[in-house]
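Report on one structure; see the data block that follows.
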């Protein structure tokens, strides 16, 4: 048993150390705390940017859904109960609403218009056994698309890289895909954010992204809500292909919480539906060829409907869009289109 005198001396010594900001090892306490803060700061992701590979660089454009701040263009896919695309419909078969107010359709067409297309491929280490098949499918997708399309290629792992700038040269894209290096983590949200930003600078009337991944986001600077906000303010359709792990058995008490694969699926589903596109979750890599062929057909089979909003306020508010079909078989058909758009602000008119 230590004596009371010894205990008092020990307590007085500790108190003296505290007055001078020292730890028992003689290291200033504040210094130790500062070092920990600096270590945490260094671990935070750096805000990502894409470096253009174009010699002249790229001109930044601020696109809304349409080609200018007044005209709103909605691309619509219509399929029957068997998933086949419905063609041959007329302008009079459509009714369009903005915030529940009927709008006058200004122009209507179903044409195979060129697309500014981004192919965004997960190059993290977990894709090692899938990457060859993914690259082959990406090339097959390009060949099945409009020959006047322009494509760019993004690869992402722990970082996001513009592998190939806008081009229509399939040989150039083939060479780039064949030299893809697979390693690292998964900055999924950063890849989507930057791909949308890049697609908006494209020169073609329609903008789209095909995203192929097998993992949950782990390394992004952008949060899910920030990424979704970027998606909503753009006119870019995002088709997602997710080779995700099966959700684990969570037992009786885990049914109210979502696993990481479930959260990843919800995120991909959300961004695709917001843009009027579709998310696919194949069980096996062999399904990818069929999926990319379906996406290529959809992009070439969409109806384009444009109108000038009856709400002329340029207030930056969210406007919800609804399209209805006036057909006897309307209830058996399924439509995909953007859920809405952000109105232009006064400062947008000069951009």
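Does residue 118 fit the bill of being assigned by TED's automatic domain parsing to the domain that holds residue 286 and modelled with pLDDT under 95? No; evaluated as a whole, the condition is false for this residue.
The set of residues in the range 303-323 being outside any strand (DSSP E or B) and more than 17 Å from residue 231 (Cβ to Cβ) consists of 309, 310, 311, 312, 313, 314, 315, 317. What do you reckon, is residue 279 in contact with a strand residue (DSSP E or B) (Cβ under 7 Å, 6 or more places away or on another chain), at pLDDT below 95 and surrounded by 14 or more Cβ atoms within 10 Å (Cβ to Cβ)? It is false that residue 279 is in contact with a strand residue (DSSP E or B) (Cβ under 7 Å, 6 or more places away or on another chain), at pLDDT below 95 and surrounded by 14 or more Cβ atoms within 10 Å (Cβ to Cβ).
When 152, 166, 141 are checked against the criterion of being within 27 Å of residue 233 (Cβ to Cβ) and free of Cβ contacts under 8 Å to residues at least 60 places away in the same chain, 152 stands alone in meeting it.
State which residue is nearest to residue 88 (Cα to Cα) when the search covers only the range 297-342 and only residues that are in contact with a strand residue (DSSP E or B) (Cβ under 8 Å, 6 or more places away or on another chain) and without any contact (Cβ under 8 Å) to a residue 60 or more places away in the chain. That would be 330. Scanning the range 270-293 for residues that are closer than 16 Å to residue 246 by Cα and either in a helix (DSSP H, G or I) or out of contact with any helix residue (DSSP H, G or I) (no Cβ under 8 Å at 6 or more places or on another chain) (or both) yields a total of 3.
Within the range 318-329, the set of residues being under 20 Å from residue 104 (Cα atoms), loosely packed, with under 14 Cβ neighbours inside 10 Å and either out of contact with any helix residue (DSSP H, G or I) (no Cβ under 6 Å at 6 or more places or on another chain) or not assigned by TED's automatic domain parsing to the domain that holds residue 298 (or both) comprises 318, 320, 324.
The values are calculated or read from the model by the stated rules, or taken from the named source; none is laboratory data. Model, not experiment: these values are computed from the prediction. Counting neighbours? That spans all protein chains shown, and the Cβs are built from the backbone with ideal geometry, glycine included.
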